[in-house]
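See below for the structure under consideration.
The values are calculated or read from the model by the stated rules, or taken from the named source; none is laboratory data. Every value quoted in this text rests on a predicted model; they were computed, and no experiment measured them. For neighbour counting, all protein chains shown are included, and Cβ atoms are generated from backbone atoms with ideal geometry for every residue, glycine included.
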Amino acid sequence: MNRIEKIQKQLTKNNVDAILITKNENRRYTTGFTGSAGMVLISQKGVTFITDFRYGEQAQAEVKNAKIVIHDGNIEKEVASEIERHGIQNLAVEANAMTLNTFSALKEYTNAQLVPLENIVEKVREIKDQSELETMRTAARIADTAFDNILNVIKPGITEREVRNELEVYMRKQGASSSSFNIIVASGQRAALPHGVASEKVIEHGDMVTLDFGAMYNGYCSDITRTIAVGNCSDEFHDIYHIVLEALKRGTEGIRAGENAKKIDDLTRDYITEKGYGDRFGHSTGHGLGLEVHEPLRLSDKSKEVLQAGMVVTVEPGIYIPGWGGCRIEDDIVVTENGYEIITHSPKKLLIL
Ligand SMILES: [Mn+2]
């Protein structure tokens, strides 16, 4: 089954005639269109891509599986006439992506019933095909080379933002279109902030530094975290580092098709809890990765999902102690029939620069 057929199956399952796609990543996934405007209407009869004149030529070049409609004026009006042409009565719209403005405008022009649904396309996107996996391996490799490079850059006296800038520029030079998210560089006590984006803080001798970053390559994201020590490393950091590393190892080794996503969270969390830091690991163990840096799949204690071959997840346990600092280590991992493939290859032994 191709992507469109899988989505059409979801439409039947959800009792709707069609879906209107407004989310950027889903537009790209279903049509190959890499521009930033346009909507995709998928019914059982076929695919229609509606965009404006700025993207006419690009759409002709990129979109091979859909009828292309160029609207002038109001896109909702054009979508409404396509809805009518296809005889659509129940139309799924993306509750997590469609704006209220678009929703109201569409309601004005069509008599079809609009059904807000979530994660129809995201569900299909969970399982990556071979070409997606190849792209993601490249995105991971770019992040790895940037990590290798940054080890020569980080030294006492440099600011977190300078480190961020070097990571960003280096990844782009290696072929990334951008970072896959706002780069985290959290040093010293700031390492206690799980999402401490780079600040003006100067990195000092004796700091631990958490680097969490990734490359966007051909639309796909990598997402890697390493924590290093600068100058020297306290006994406490040494101990905490190896607890986090062992938790990562245990979580990773639990991954295989058929395993519950929750089990991976149990494996990392139980170990960290056993070592006395359970209350310092306040986030889930990992998340789905692909066109978006956070896809709906979660490796958490609330997760109900079962891992399947072709899913790509992060495993990223951490320990955070306010007033002291923290440590997180994260890899990107492909679920396979019999196990897993780690696609981020940066060293995980404790590095003291
Ligand atoms: Mn992550």
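Look through Ile240, Ile272 and report the one residue that is more than 16 Å from the ligand (Cβ to nearest atom), touching a Cys at 6+ places or on another chain (Cβ under 8 Å) and part of a helix (DSSP H, G or I). Quick ask: steps written out before the conclusion?
Working: Ile272 fails: touching a Cys at 6+ places or on another chain (Cβ under 8 Å).
Result of the check over Ile240, Ile272: Ile240.
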Report summary line: Reported set for region 218-234 where residues are of a type outside the set (A, V, I, L, M, F, W, C) and within 16 Å of the ligand (Cβ to nearest atom) is Tyr220, Ser222, Asp223, Thr225, Arg226, Thr227
Requested in this report: Among what's in region 200-216 and is away from the ligand (no atom under 16 Å from the Cβ), buried (at least 16 other Cβ atoms within 10 Å of the Cβ) and not β-branched (Val, Ile, Thr), pick the residue that is nearest to the chain's Cα centre (by Cα).
Outcome: Met208
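Run down Ala140, Ala92 and say which single residue is of a type in the set (A, V, I, L, M), part of a helix (DSSP H, G or I) and modelled with pLDDT of 95 or more. Write out each step before concluding.
Working: Ala92 fails: part of a helix (DSSP H, G or I).
Ala140 is the lone residue from the list that is of a type in the set (A, V, I, L, M), part of a helix (DSSP H, G or I) and modelled with pLDDT of 95 or more.
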Report summary line: From the option list Val169, Val185, Val153, Val197, single residue qualifying as among the β-branched types (Val, Ile, Thr), within 16 Å of the ligand (Cβ to nearest atom) and surrounded by fewer than 21 Cβ atoms within 10 Å (Cβ to Cβ) is Val197
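Residue-by-condition table, conditions (1) touching an Asp or Glu at 6+ places or on another chain (Cβ under 6 Å); (2) outside the structural domain of Ile50 (by TED's automatic domain parsing); (3) without any contact (Cβ under 8 Å) to a residue 40 or more places away in the chain; (4) of a type in the set (Phe, Trp, Tyr):
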{"position": "Ile83", "(1), (2), (3), (4)": "no, no, no, no"}
{"position": "Met98", "(1), (2), (3), (4)": "no, no, no, no"}
{"position": "Ala105", "(1), (2), (3), (4)": "yes, no, yes, no"}
{"position": "Tyr109", "(1), (2), (3), (4)": "yes, no, yes, yes"}
{"position": "Ile120", "(1), (2), (3), (4)": "no, no, no, no"}
{"position": "Thr145", "(1), (2), (3), (4)": "no, yes, yes, no"}
{"position": "Lys155", "(1), (2), (3), (4)": "no, yes, no, no"}
Report task. Output the residues belonging to region 158-199 that are farther than 24 Å from Tyr320 by Cα and touching a residue at least 12 places away in the same chain (Cβ under 8 Å). Result -> Glu166, Glu168, Tyr170, Met171, Gln174, Gly175, Ala176, Ser177, Ser178, Ser179
Query - Set Gly278, Gly290, Gly258: member being within 16 Å of the ligand (Cβ to nearest atom), farther than 29 Å from Ile154 by Cβ, at pLDDT 95 or above and of a type outside the set (A, V, I, L, M) - result: Gly290
Query - Top-ranked residue of region 321-353 - restricted to ones that are closer than 19 Å to Arg298 by Cβ and over 17 Å from the mean Cα position of the chain (by Cα), ranked as nearest to the ligand (Cβ to nearest atom) - result: Arg328
Query - In region 301-319, the residues that are within 15 Å of the ligand (Cβ to nearest atom), in a loop (DSSP other than H, G, I, E, B) and aliphatic (A, V, I, L, M) - result: Met311
